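**Q** Structure provided below as structure tokens; questions to follow.
Only the coordinates and a few stated rules stand behind these numbers; no lab work does. Since this is a predicted model, take the numbers as computed values, not measurements. Because the Cβ atoms are built from the backbone with ideal geometry, glycine has one as well, and the counts that use them run over all protein chains shown.
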Amino acid sequence: MTAVLAVLEQRDGALRKVSHEVVTGARRLADAGSGTVEALVLGGGTVSGADQLGRFGADRVTTATHAALGRYTPEGYTRVVVERVRARQYDAVVFPASATGRDLAPRVAARLGVPLAADVTDLGIEGGAIWATRPVYAGKALLKVKLLARPALLSLRPNVFTPVERPRAAAAETAKVDVPERGGRVVVREIKAAAAGALDVAEAPIVVSGGRGLKEPANFRLLEELARAFGGKAAVGASRAVVDAGWRPHADQVGQTGKTVSPTLYVAVGISGAIQHLAGMRTSKVIVAINRDKDAPIFKVADYGIVGDLFEIVPRLTEEIRKLHA
Ligand SMILES: Cc1cc2nc3c(=O)[nH]c(=O)nc-3n(C[C@H](O)[C@H](O)[C@H](O)COP(=O)(O)OP(=O)(O)OC[C@H]3O[C@@H](n4cnc5c(N)ncnc54)[C@H](O)[C@@H]3O)c2cc1C
């Protein structure tokens, strides 16, 4: 029987979408080993949505609360997760490979002295061993690893594990936990939120990204209009070239030194497709590239390619998408 702990994520007291993906991934692993899924949410108090996790396959949901856990604190969160894992016999612990999960999971792995398979895109059990697939060499190859240590630690790439409803009668509990005052020595003092209503590129189901081909920052207006035409489902991303030039904020950068995205639809506009950019978006489900250079490397990973001037194509595309959504 495979016992799996799913470590989830909340923001401002509400469960984040990636949490459903993590429970879905954990459920898949537990089912392969006829086991159970326990979900762990850390927060300053009750977390809305935690009571719904049974729908996605959690057998038990624990909300660990402390005033210092309202926001992510590296030491406080690590301590609570490690104590929980040490107190039980889990075969696997699954995290989201989100910005927070990328910080938390390695800390937990180091404390427990076990390896971590990070940024996993597929997982399962074969001959009793937990395996995971993860992209390597900037996404050029997929590595299949077997995790022999117990518990096996995995972080799941956001937007890859589509949430699946697998209803269970989840038992929910709230446990007050003990953490150092303020959560530890590292304290998050301020979070600068993106403009109200703006979607995070790492979470949006559609991403429209722009590169140096846009010529100047004001022209990103074209991409913002295209994103809006998708009816609030699209975020605007950027290549590093335009982020380095100060045209767009770093939070929007897609790629090896930016965010990794796997949306349902990725539209690359005026982006050449350097290997470091591809590393952050090549697992997108459908890729559309618009570039005037027919030999641009982006076309090698694109499902649909449009060779031409983006300043002519993007407004026409926006118009057509608007008609579809009208
Ligand atoms: C260590 C390291 C890490 C890096 N990390 C990242 C990263 O995280 N993300 C990232 O993106 N890059 C990253 N880079 C940079 C990367 O190598 C490229 O330099 C960068 O991605 C190029 O950005 P770009 O495609 O916008 O610009 P360019 O390569 O200049 O491409 C512009 C494209 O626009 C097209 N174009 C121009 N005008 C038009 C038009 N009117 N209509 C249609 N198409 C047009 C051109 O044909 C060209 O293909 C990294 C580099 C290094 C060394």
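**Q** What residues have an amide H closer than 5 Å to that of Val93, excluding those fewer than 5 places away on the same chain, when H is modeled at 1.01 Å from N in the peptide plane?
**A** The list, which skips near neighbours in sequence, is Leu5, Ala152, Leu153, Leu154.
**Q** Next up: Taking the radius of gyration and the Kirkwood hydrodynamic radius from Cα positions alone, what is the Rg/Rh ratio for region 3-183, to two decimal places?
**A** So for region 3-183, dividing Rg by the Kirkwood Rh gives 0.94.
**Q** Could you compute the net charge surrounding Thr65? Neighbours are other residues with a C-beta less than 12 Å from the C-beta of Thr65; K and R count +1, D and E count -1.
**A** That works out to -1.
**Q** Specify the inter-centroid distance of region 1-60 and region 280-318, based on alpha-carbon positions, in whole Å.
**A** Cα centroid of region 1-60 versus Cα centroid of region 280-318: 37 Å apart.
**Q** Right, here's the next one. If I require 18 Å or longer along the helix axis, counting alpha carbons, and a Kyte-Doolittle average no lower than 1.6, what helices from the chain are left? Use full DSSP H segments.
**A** none
**Q** First check a/c for region 207-326, with a ≥ b ≥ c the square roots of the eigenvalues of its C-alpha gyration tensor; if it is under 1.5, answer rounded, and if not, answer prolate when a/b is larger than b/c or oblate otherwise.
**A** rounded
**Q** Assuming a strict under-23 Å limit between Cα atoms, what lysine pair count do you get for the chain once near-sequence pairs (fewer than 8 apart, same chain) are dropped?
**A** Within the chain, the lysine pair count is 21.
**Q** What FRET efficiency, computed as 1/(1 + (r/R0)^6) with R0 = 25 Å and r the Cβ-Cβ distance, is obtained for Lys285 and Arg111, rounded to the nearest 0.05?
**A** Step by step, r from the Cβ atoms, then E = 0.10.
**Q** Something else: Please name whichever of Val242, Tyr72, Ile191 sits farthest to the positive end of the charge dipole of the chain, dipole taken about the Cα centre and charges placed at Cβ: Lys and Arg +1, Asp and Glu -1.
**A** Selected residue: Tyr72.
**Q** Find out how many positive minus negative residues lie around Val301, taking Lys and Arg as positive, Asp and Glu as negative, among other residues whose Cβ is under 11 Å from that of Val301.
**A** +2
**Q** Now for a different question. Could you give the size of the charge dipole of region 3-183 about its Cα centre, using +1 on the Cβ of each K and R and -1 on the Cβ of each D and E, expressed in debye and rounded to the nearest 20?
**A** 300 debye
**Q** Distance between the C-alpha centers of region 202-251 and region 157-181? Whole Å please.
**A** Cα centroid to Cα centroid, the span is 32 Å.
**Q** If each of Leu143 and Val188 carries a label point 7 Å out from its Cα toward its Cβ, how far apart are those two points in nm?
**A** 2.8 nm
**Q** Now, a different point. Tell me which residues come under 5 Å, amide H to amide H, from Lys259 once H is placed; ignore anything under 5 positions away on its chain.
**A** For Lys259, whose amide H was placed from the backbone, the distant partners under 5 Å are Gln253, Val254.
**Q** Please report the net charge: other residues with Cβ closer than 13 Å to the Cβ of Val160, K and R +1, D and E -1.
**A** +2
**Q** Continuing with the same structure: Contour minus end-to-end for Lys17 and Gln276, with contour as 0.36 nm per residue of separation and end-to-end as the Cα-Cα distance?
**A** 90.6 nm
**Q** Can you show me the helix-derived [θ] at 222 nm for the chain, built from DSSP H runs with n ≥ 4 at -39,500 (n - 2.57) apiece and divided by the number of residues, rounded to the nearest 500.
**A** Helices in the chain give a 222 nm mean residue ellipticity of -7500 deg cm²/dmol.
**Q** Gaussian network model of the chain, Cα springs within a sub-10 Å range: biggest mean-square fluctuation belongs to which of Val269, Val41, Val307?
**A** Most flexible of the set in this elastic network: Val307.
**Q** What are the residues whose amide H is under 5 Å from the amide H of Ala64, where those residues sit 5 or more places off or on another chain and H is modelled from the backbone?
**A** Val41, Leu42, Gly43, Ala175
**Q** Hey, rough spin-label estimate for Thr162 and Gln256, points 7 angstrom out along Cα→Cβ, what's it come to in nanometres?
**A** Label at Thr162, label at Gln256, 3.1 nm between them.
**Q** Hey, got the dipole for the chain? About the Cα centre, +1 on K and R Cβ, -1 on D and E Cβ, debye to the nearest 20?
**A** Computed charge dipole of the chain: roughly 400 debye.
**Q** May I pose another question? If the viscosity is 1.306 mPa s and the temperature 10 °C, what Stokes-Einstein diffusion coefficient in µm²/s follows for the chain when Rh is the Kirkwood radius over Cα pairs?
**A** This corresponds to a translational diffusion coefficient of 77 µm²/s.
**Q** How do 165-178, 1-14 rank on mean C-beta neighbours within 10 Å, highest first?
**A** By packing density, highest mean first, the sequence is 1-14, 165-178.
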